[in-house]
């Protein structure tokens, strides 16, 4: 144990002075880097201008969202009758779609649609029937094709349009009635039709037969007028071919409307048509709001 020169307490490790550092003295402590604030301009107004622009963008974005909500709450005509809001009609559309998807996933073929070109056939048949009926009635009303613009042509066209529209409408109605009896195998059995649908189908067959006979007689008369005694077999084959084609085309109108989809698919299309414009506008407004928010 060591004793200091003044005869004091013995020097131990606890009361010895701390050893001085041999390195250079510590400099001032540097602050940690923090988030950088926007650099102000020479007059310090950059932050205020940016805040004003940001507030304006937020107001525009909020306004677009409010307009989109109003569009979805607007009433539209519901296919089932009455008025409902766009949002409620969209919910009905989604529910109808889920039902169709669920039945299709279970193997149902009732909701299958025909090819696009097949769905266009009734429109072509409509034009085809109008042309044939106009040709048939123009001979009855003595239309002079050298100067066709006359009251006779107008009368023939009016009659042809009336008969064509009524026949097409009834054939389409019959097809829709038969579609309601379509089973999940995708077929329609005549013995399963109700009495009213059977009566409509029988009447449609009668209408098709009458139109075919009219085409046959008109074409036969034209061939005899053109060829006279030399007509021969042509006076039978050509009119018969036109009559058969006319009958098949009109019967195809019934089949297309009966086999194209189902009543549920038709309701889904009506729901989509009722909400298409307002839903598209609401989507556009939301897209504008998103663009304003991310500028």
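Quickly rank 110-116, 214-220 as a protection proxy: mean count of other C-beta atoms within 10 Å, highest first.
Put in order of decreasing packing, that is 214-220, 110-116.
Quick check: pseudo-label points 7 Å beyond the Cα along Cα→Cβ at residue 142 and residue 47, how many nm apart are they?
Using points 7 Å along Cα→Cβ, the separation is 9.8 nm.
For a footprinting-style exposure proxy, rank 283, 176 by other Cβ within 10 Å, fewest first.
In increasing order of surrounding Cβ atoms, one gets 283, 176.
Can you give me the distance in nm between label points at residue 180 and residue 199, each placed 7 Å from the Cα along the Cα-to-Cβ direction?
1.4
Can you tell me, using C-alpha contacts under 8 Å and at least 6 residues apart, the relative contact order of the stretch 114-260 as a whole percent?
Contact order relative to length: 34 percent.
Per 5 Å bin from zero, what fraction in whole % of the C-alpha pairs of the stretch 81-230 is there, up to the bin with the longest pair?
Final binned percentages: 2, 8, 11, 12, 13, 13, 12, 9, 7, 6, 4, 3, 1, 0, 0.
Specify whether the C-alpha gyration tensor of the stretch 101-158 places it in the rounded, prolate or oblate class, a ≥ b ≥ c being the square roots of the eigenvalues: rounded for a/c under 1.5, otherwise prolate if a/b is larger than b/c and oblate if not.
It is prolate, given that a/c is not under 1.5 and a/b is the larger ratio.
Go ahead and collect, in residue order, the members of the stretch 107-127 whose backbone nitrogen is under 16 Å from a label point 7 Å along the Cα-Cβ direction of residue 187.
Once the point is set 7 Å along Cα→Cβ of residue 187, 108-111 turn out to lie under 16 Å by backbone N, inside the stretch 107-127.
Could you give the nm distance between label points at residue 264 and residue 236, where each point is 7 Å from its Cα heading toward the beta carbon?
Distance between label points: 5.2 nm.
What's the ranking of 183-189, 225-231, 131-137 by average number of surrounding C-beta atoms within 10 Å, highest first?
131-137, 183-189, 225-231
If you average the alpha carbon positions of the stretch 174-196 and of the stretch 228-275, how far apart do those two centres end up, in angstrom?
Value for the Cα centre distance between the two parts: 18 Å.
Taking Rh as the Kirkwood radius, which is the inverse of the mean 1/r over Cα pairs, what is the Rg/Rh value for the stretch 149-294?
A ratio of 1.22.
First check a/c for the stretch 130-176, with a ≥ b ≥ c the square roots of the eigenvalues of its C-alpha gyration tensor; if it is under 1.5, answer rounded, and if not, answer prolate when a/b is larger than b/c or oblate otherwise.
Prolate is the answer for the stretch 130-176, as a/c is 1.5 or above and a/b outweighs b/c.
Read-outs throughout are calculated quantities, based only on the coordinates presented, and are distinct from any laboratory measurement. These numbers come from a predicted model, not from an experiment. All Cβ positions, even for glycine, are placed from backbone atoms using ideal geometry, and neighbour counts span all protein chains on display.
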